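Step one of this worksheet: look at the structure below.
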Amino acid sequence: MNANPSVDRHRLSTLVCCGLILCATTGCSRWIEMTDPSTEMDERTPHIIARDEQVPLIVDRIRTTRNGSPQNPSVETEQRILNSLADIGLFSRLTPGNESVSVSGEKTVRARLLFDEAVDPHAGAAAWKGIIIGASMYLLTPFIPLEYDYTAHLSLELERWDGQIKRYESHSAGTARYHLFGATPIMVDELKGHVTESCLAALASQIANDTVFFSASSAPLSVSGIRSVSVKPRPIRPSASAAIHISAPTPVEP
Amino acid sequence: MTPSPIAALIAFAVVLSFLRMTCQAEDTVPHLTVGSQEISLSAGYLISVRLTDQHTTKQSGPAVMPSWAMVLTDPIGWRWLRGQLMLGAEIVYIQFQEPQLTHGVGFTPKIKWLFEGTGRLRPYVEFAGGPFYTDLGGQIPEESARFNFILTAGGGLSWFFTPQLSFNVGYRFHHISNAGTRYPNLGLNASLPFGGFSFYF
């Protein structure tokens, strides 16, 4: 019995269409895996604080590092951290350090925060996989996923008005897995957003557990009201010992 | 108004807008991250390169190359080698005006290394290869088949007017042959200086 060529052609075109649809859909997919899912949020018990027990929080400093090297903190990240601290409801108001107006005799909590992020785009693997995908004329796109890792570590130091210090730390990590056509800069932002949110939630949970410690009636204001700070020069690395040019002021002729 | 003053007016407007864009220096450093994409259109003129005595054809003609590419990595590497890897694809259209009016079209996946450069000025090197169909094949002694492959290697400079838009100039070396599927298969070699624009998003 001879096969009908038109039926064969129809089957072939259907198969090709299915293959293309499969490639297009799976080749564009992406998903985020949180490697340290925060469970503390659900376990958090509500803490209640009276409005007159709330004290202002002054954010002295937010330091940011990426893969160990210091960075200028981005306005978005800074704002997000401040919002997260404000959302706890523990403090009457939030004031960035540079805007703080010291009110004598007012109980305040001062915050110093280190936001350490680690980014691993798996550049080497992406390069090799990219070469293989390109060499296959993109046919292997649905079968070769690419990865982008992001880890956030938050360290918060809260100093009560009487000088007592409490330290909090939280950690969160996630991986964005994507196929070539699913990659967008938004994907990286989404990953960073999820990881940062998880990290902030864990931190907020820890602070909320210390509600009593930060309530206004928990400790009296220190008598002197003068805070002492240690002043020290930044350590200078031996390699950075280049001479600094100091120009003497030019005498002005009378 | 005659056509030449209109052309002069358009040229003047283009120069003015170019100057305006280049004056906005602060905001013109591109910020390309993983997943950033590039759409590009380049055009150039193919010039024959005869590598051996057996190569006799002096093929030449204009070439147009629309392309797409995606940034695969954040900046990696050290010192002047630091840059980003891009993966993309390109359609190559060549109109051979010599030795006779014929055409060629190909599709080539390409890989590109975009150096960090000075921020606005970013050099790059690229390599591409893929199938190429031309009706010049069979009409010249170097190439007997119409179905061929094209291999391209070259480099260029991207000057960013804005973080999204760059002007590119560069040079490529083209090799066209049929990978031994038919004989003779001496192959055609050519130089291709080109210029074009890229849009990043």
Quick check on the range A:103-140: of everything there that is away from every other protein chain (no Cβ under 14 Å) and among the β-branched types (Val, Ile, Thr), which residue is farthest from A:Ala202 (Cα to Cα)? A:Val103
Can you report the number of residues in the range A:141-155 which are more than 11 Å from chain B (Cβ to nearest Cβ) and either assigned to a loop (DSSP other than H, G, I, E, B) or more than 13 Å from the chain's Cα centre (by Cα) (or both)? 4
Does A:Ala111 satisfy the criteria of being surrounded by 11 or more Cβ atoms within 10 Å (Cβ to Cβ) and modelled with pLDDT of 85 or more? yes
Which numbered condition in (1) surrounded by 11 or more Cβ atoms within 10 Å (Cβ to Cβ); (2) modelled with pLDDT under 70 is the only one that B:Ala7 fails? (1)
I'm checking my understanding of the structure. Among residues of the range B:49-86 that are among the β-branched types (Val, Ile, Thr) and under 23 Å from A:Ile144 (Cβ atoms), which one is farthest from the other protein chains (Cβ to nearest Cβ)? B:Val71
Take B:Leu46 and decide whether it is more than 12 Å from chain A (Cβ to nearest Cβ), under 28 Å from B:Ala145 (Cα atoms) and touching a strand residue (DSSP E or B) at 6+ places or on another chain (Cβ under 8 Å). yes
Residues being under 19 Å from B:Ser166 (Cβ atoms), assigned to a strand (DSSP E or B) and out of contact with any helix residue (DSSP H, G or I) (no Cβ under 6 Å at 6 or more places or on another chain): count how many of those fall in the range B:111-134. 11
The residue that is farthest from B:Lys110 (Cα to Cα), considering only those in the range B:61-73 that are without any contact (Cβ under 8 Å) to a residue 60 or more places away in the chain and in contact with a Phe, Trp or Tyr (Cβ under 9 Å, 6 or more places away or on another chain), is B:Gly61
Could you run through the range B:62-81 and say how many residues are over 17 Å from A:Val119 (Cα atoms) and touching a strand residue (DSSP E or B) at 6+ places or on another chain (Cβ under 8 Å)? 11
Criterion first (small (Gly, Ala, Ser) and assigned to a helix (DSSP H, G or I)) does A:Ser92 satisfy it? no
Before we move on, is A:Arg167 over 30 Å from B:Gln37 (Cα atoms) and in contact (Cβ under 8 Å) with a residue 24 or more places away in the chain? no
Could you list, in sequence order, the residues of the range B:18-41 that are at pLDDT below 85, of a type in the set (Asp, Glu) and either assigned to a loop (DSSP other than H, G, I, E, B) or touching a Ser or Thr at 6+ places or on another chain (Cβ under 9 Å) (or both)? B:Asp27
Filter result (surrounded by 15 or more Cβ atoms within 10 Å (Cβ to Cβ) and under 17 Å from B:Gln37 (Cα atoms)) within the range B:89-107: B:Ala89, B:Glu90
When you look at B:Asn148, is it at negative phi, over 10 Å from the mean Cα position of the chain (by Cα) and crowded, with 19+ Cβ neighbours inside 10 Å, yes or no? yes
Check B:Val14 against each of (1) over 21 Å from B:Thr118 (Cβ atoms); (2) out of contact with any Gly (no Cβ under 6 Å at 6 or more places or on another chain); (3) β-branched (Val, Ile, Thr); (4) at pLDDT 85 or above and name the one condition it does not meet. (4)
The condition from (1) surrounded by fewer than 20 Cβ atoms within 10 Å (Cβ to Cβ); (2) in contact with a Pro (Cβ under 7 Å, 6 or more places away or on another chain); (3) modelled with pLDDT of 90 or more that A:Tyr178 misses is numbered (1)
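The values are calculated or read from the model by the stated rules, or taken from the named source; none is laboratory data. Worth saying up front: this structure is predicted, and the values here are computed from it rather than measured. Don't worry about glycine lacking a Cβ; one is built from the backbone with ideal geometry, like all the others, and counts go over all protein chains shown.
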